[in-house]
Amino acid sequence: MGPKLLQLCTLLPSTHDKLAAHYEVHQWPAEAAREEWLRDNASGVRAVVTGGHLGITNEMIDRLPDLGIVAINGVGYDRVDLDHAKAAGVRLTNTPDVLTDDVADLAVALMLNVMRRLPAADRHVRDGLWPHGPQALTRRASGRRYGIVGLGRIGHAIAERLAGFGGRIAYSGPNRKPVDHDYHADVAALAAKSDVLFVATAASAATRALIDRAVLDALGPEGVLINVARGSVIDEDALVAALAEGRLGGAGLDVFVDEPHVPETLLGLENVVLAPHVGSATRETREAMGNLMLDNLDAFFAGRPLPTPVV
Ligand code: 8YV
C-alpha cells in the first residue's frame, strides 16, 4: 500500500487506475459524511489530488496534519491560498502546457459560434425551418481587431490561431512581451480597440472583476467577449446586464462565477454561447493532465524535483 491520498475531484478512469496502483486512494465523501471522514481518516493523509476549479481550502489544509503535497489536475491555482500552503509546508503542483492547445481551440470555437451563430444554424436545420427560409445573416469573424487579455501560454496560443484569420491582434497584461502585437497596459483601452476580446488571464486578487462595466462598454454593442479563464475575472452581473441591454454584442463563455450554476438571464439570450467549463475536456488532454499530475506525485514521494511546481 502506497502513501495515503485524498481525491477531491473526478479523474479519468485510466488516471484513477494508475493512481490506485501506487497510492492508498480515499474518495472525498458527500457533504454530510465529511466531518466523520476527517475525524477517522485525516491522520496520515500525505497527498491531495484536486481540480483547478476546486482547489483546496485553508481549513482543509489545516485539518490534514500529515499533508505534504496538493497536486492540481489543472493549470489554475486560484482556489489555493499559496501563502497558507507555504506556511503549512505543503507543496503545490499544477498541469501547465498540456492543456494549452485545447483551451485555445475552444476560445476560437466560441468566437466562431457566437459570430456565425452556429447553435442557431444547427437548430434551424433540425427544427425543419430551412425549407421555409434561410437563417438570419450573421457576422464575419475573420479580419477583425482581436484583443487578448493575458498573453501567457494560453493567450499566446490563441494569438497563434488568430494569425490565420487576418486582422490585427493586440493584448494587455502587466508587462509588455517581446511580440509584434500592439500592447495596451489598460484593459479598457484594449477593449476600445477590439471587436473580439479574449479573456485568457490567470485569476488572482489582481484580476478579480478586471472586466468591469467600463471595459464592457468600451467593447460596445458590436463587440464580442470570450472567456476561457475564470468567471471571477469578469464582473458577471455587469456582463449579464450589458448583454441583456444590448450594450454588448455577444459573448462566448466557458467559465462562470458560481459553477455549475449559470445566471438564468444568459439562458434566454441568442447572442450568447455557453459551455460547461470544457476548455481542457478532451480525452487526449485529460489523459496528459492526469499523467503530469501523477509525475508530480511520484517525484514528491521519491524525493526528486517536482516537474511543475507552484509552491
Ligand atoms: C478543469 C481548469 O476544470 O486547468 C484548469 O485550471 O479549470 C480545468 O482544466 C479542471 O482543473 C479539471 O480537473
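The values are calculated or read from the model by the stated rules, or taken from the named source; none is laboratory data. Quick caveat, the model's predicted, so the values are computed rather than measured. Don't worry about glycine lacking a Cβ; one is built from the backbone with ideal geometry, like all the others, and counts go over all protein chains shown.
At-a-glance table
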read-out: Given (1) surrounded by fewer than 17 Cβ atoms within 10 Å (Cβ to Cβ); (2) without any contact (Cβ under 8 Å) to a residue 60 or more places away in the chain; (3) out of contact with any Asp or Glu (no Cβ under 7 Å at 6 or more places or on another chain), index of the condition residue 270 fails; value: (2)
read-out: Residues that are part of a loop (DSSP other than H, G, I, E, B), under 15 Å from residue 296 (Cβ atoms) and away from the ligand (no atom under 13 Å from the Cβ), drawn from region 66-80; value: 67, 68
read-out: Strands (runs of 3 or more DSSP E) wholly inside region 127-244 that include at least 1 residues being farther than 21 Å from residue 275 by Cα; value: 145-149, 168-172
read-out: Conditions (1) over 16 Å from the mean Cα position of the chain (by Cα); (2) in a helix (DSSP H, G or I); (3) touching a residue at least 60 places away in the same chain (Cβ under 8 Å): number failed by residue 107; value: (1)
read-out: Test: residue 278 is modelled with pLDDT of 95 or more, touching an Asp or Glu at 6+ places or on another chain (Cβ under 8 Å) and surrounded by fewer than 20 Cβ atoms within 10 Å (Cβ to Cβ); value: yes
read-out: Of all residues in region 39-54 being assigned to a helix (DSSP H, G or I) and not basic (Lys, Arg), the one that is farthest from residue 88 (Cα to Cα); value: 40
read-out: Qualifying residues in region 55-65 (those that are crowded, with 17+ Cβ neighbours inside 10 Å and either of a type in the set (Phe, Trp, Tyr) or in a loop (DSSP other than H, G, I, E, B) (or both)) - the one nearest to the ligand (Cβ to nearest atom); value: 55
read-out: Tally, over region 10-38, of residues that are within 16 Å of the ligand (Cβ to nearest atom), of a type outside the set (A, V, I, L, M, F, W, C) and either part of a helix (DSSP H, G or I) or more than 20 Å from residue 61 (Cβ to Cβ) (or both); value: 6
read-out: Unmet requirement for residue 300, which otherwise passes all of (1) part of a helix (DSSP H, G or I); (2) buried (at least 16 other Cβ atoms within 10 Å of the Cβ); (3) within 14 Å of the ligand (Cβ to nearest atom); value: (3)
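Yes or no, residue by residue, for (1) surrounded by 23 or more Cβ atoms within 10 Å (Cβ to Cβ); (2) within 16 Å of the ligand (Cβ to nearest atom); (3) touching a residue at least 40 places away in the same chain (Cβ under 8 Å):
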position: 82; (1), (2), (3): no, yes, yes
position: 86; (1), (2), (3): no, no, yes
position: 135; (1), (2), (3): no, no, no
position: 147; (1), (2), (3): yes, no, yes
position: 152; (1), (2), (3): no, yes, yes
position: 168; (1), (2), (3): no, no, no
position: 173; (1), (2), (3): no, no, no
